[in-house]
Amino acid sequence: METNCVIAALTATPATTWPFPHWQLYDVLPTPIAAALVAWLPDPHFMGGDSGGQRAGRNGHRLFITPALQATNTGLAQLAGLFDNAQTRAAFTDRCDARLENTALRLELCLDTDGFWLEPHTDIGAKRLTLLVSLSMGAQAAEWGTDLMTPQGDPVARASGIFNSGLLFIPSAHSWHGFVPRPLTATRRTLIVNYVGPEWQATEELARRIQAV
């Protein structure tokens, strides 16, 4: 049986409790899937810098990995299958206490350019799990990870930006994070993986519909 890289990465990683519970994963995606995401060159319409500190500031210019895109790209279809896999979901539940029953899979590829920043936020609401996978290339990309913050918005730690590393957390009132402004000398490419509850209204963003667990 082929190794599930997501489960292997999670199994190898203990939780870090400060400033909120999170997991710093490495080698998250299988090499062919990571390569497909790097080789994929969407329209420049989906690339952008300053959006006012919120991704919602670029609504209409965001790239969600929908079933229609998966139908035309084998790598994207494999990506959705990996995260909608029952074993992957069970691993998140067992090791992270994620509540993934009756959740849908949401996948977004973010292509951030110089000027990009994100204000402190928590992801609470319909999001039951957040995984941010770094797919940036270049010598400085290791410093482009997400900033972990206090409730006051002070950055106190930084996730790795190393290629194919990932920051995983369960959204809560304490899961403050963002992106402190700093120079981006190339495109900051990030895969955002969310499992969202049935109250999620933007169903056109979903990679897979609700699955009972």
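Observations on the structure shown:
- Pairs where the first residue, in region 123-144, is modelled with pLDDT under 95 and the second is assigned to a loop (DSSP other than H, G, I, E, B) and charged (D, E, K, R), C-beta under 9 Å, 6+ apart: 125/199
- Members of region 101-110 found to be open to solvent by 50 Å² or more (accessible area, probe 1.4 Å) and either of a type in the set (Val, Ile, Thr) or in contact with a Pro (Cβ under 9 Å, 6 or more places away or on another chain) (or both), listed by number: 102
- Selection from region 133-160 of residues that are closer than 21 Å to residue 37 by Cβ and surrounded by 21 or more Cβ atoms within 10 Å (Cβ to Cβ): 133, 134, 135, 136, 141, 144, 145, 146, 159
- Positions within region 22-51 being among the hydroxyl-bearing types (Ser, Thr, Tyr), farther than 15 Å from residue 74 by Cβ and modelled with pLDDT of 90 or more, in sequence order: 26
- Enumeration of residues in region 49-100 that are within 22 Å of residue 22 (Cα to Cα), open to solvent by 20 Å² or more (accessible area, probe 1.4 Å) and basic (Lys, Arg): 55, 95, 99
- Cβ-Cβ distances below 8 Å connect the following pairs, each with a first residue in region 146-166 that is at negative phi and among the charged types (D, E, K, R), a second residue that is assigned to a loop (DSSP other than H, G, I, E, B) and surrounded by fewer than 17 Cβ atoms within 10 Å (Cβ to Cβ), and a separation of six or more residues or different chains: 147/180.
- Only residues that are touching a residue at least 60 places away in the same chain (Cβ under 8 Å) and closer than 19 Å to residue 124 by Cα were counted across region 175-192, and they come to 6.
The values are calculated or read from the model by the stated rules, or taken from the named source; none is laboratory data. Just so we're clear, the structure is a prediction, and the values are computed from it rather than from any experiment. Counting neighbours? That spans all protein chains shown, and the Cβs are built from the backbone with ideal geometry, glycine included. With ligands, DNA and RNA removed, areas are computed over all heavy atoms of the protein, side chains included. Shrake-Rupley method; radii C 1.70, N 1.55, O 1.52, S 1.80 Å.
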